[in-house]
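Visitor: So that we are looking at the same thing, I have put the structure below in structure tokens.
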Amino acid sequence: MILTRLKSFLLCVLIIPSSLLHKEPKVDKIKHSEILCVIYNAYHEARGEGLYGMKLVSTVAYNRAKQKGESLCKTIYKPNQFSWTRAKRLPKVPDSFIYSFWQTARDIVDGVQVVDDKHKQVFYFHAKRVKPYWHSAVQQIVVHNNHVFYGASNEIRSNSSRHRLNNRLG
């Protein structure tokens, strides 16, 4: 019993940043799952894009979930929304990344804006190396490293048009 508690304590001290130990109140299981979905999505979609790129990708997921009235996990794992969810085998998300991105993911789940005002309406994105058929139907907001981010253009602001575009995105 004492050895188990000692191992848990050492694990916390050695791995969890002190900022999380002091500021992180307990979260319920649903919120915990939502945070992990955001972390996994940021890692697999944008791990080479730096912190701001991962925040942009996470904001896309948040905006889509909010618009649909769905959970972040449901939106992220919905077919044709985020390409990594179709992969058969994925690299393990390192614990160090989970701990370092935890507060950002929690902020996103809580609806806290984590990107600049001019980028908060991002709704779609793709890698610069591809030109999806839908890219001309949406308004480009920002290019960040190897990704291009878009908001909805005036032509597709209606819910039915946006719904059709969302269902075709890959």
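Visitor: Where the accessible area of the range 81-159 is counted over protein heavy atoms with a 1.4 Å probe, how much of it, in %, is carbon and sulfur?
Guide: Numbers: 2200 of 4690 Å².
Carbon plus sulfur share of accessible area: 47 percent.
Visitor: Roughly how many Å² is the accessible area per residue of the range 16-142, as a whole number, for a 1.4 Å probe?
Guide: On the way: 7080 Å² over 127 residues.
Ligands and nucleic acids excluded, the figure is 56 Å² per residue.
Visitor: May I pose another question? Less than 25 Å apart at the alpha-carbon level, and either on another chain or at least 8 residues along: which lysines does that give for residue 29?
Guide: Correct list for residue 29: 7, 55, 66, 68, 74, 78, 92.
The values are calculated or read from the model by the stated rules, or taken from the named source; none is laboratory data. All figures in this text were calculated on a predicted structure; none of them were measured in a lab. The area values use the complete protein model at the heavy-atom level, side chains included, leaving out ligands, DNA and RNA. Shrake-Rupley method; radii C 1.70, N 1.55, O 1.52, S 1.80 Å.
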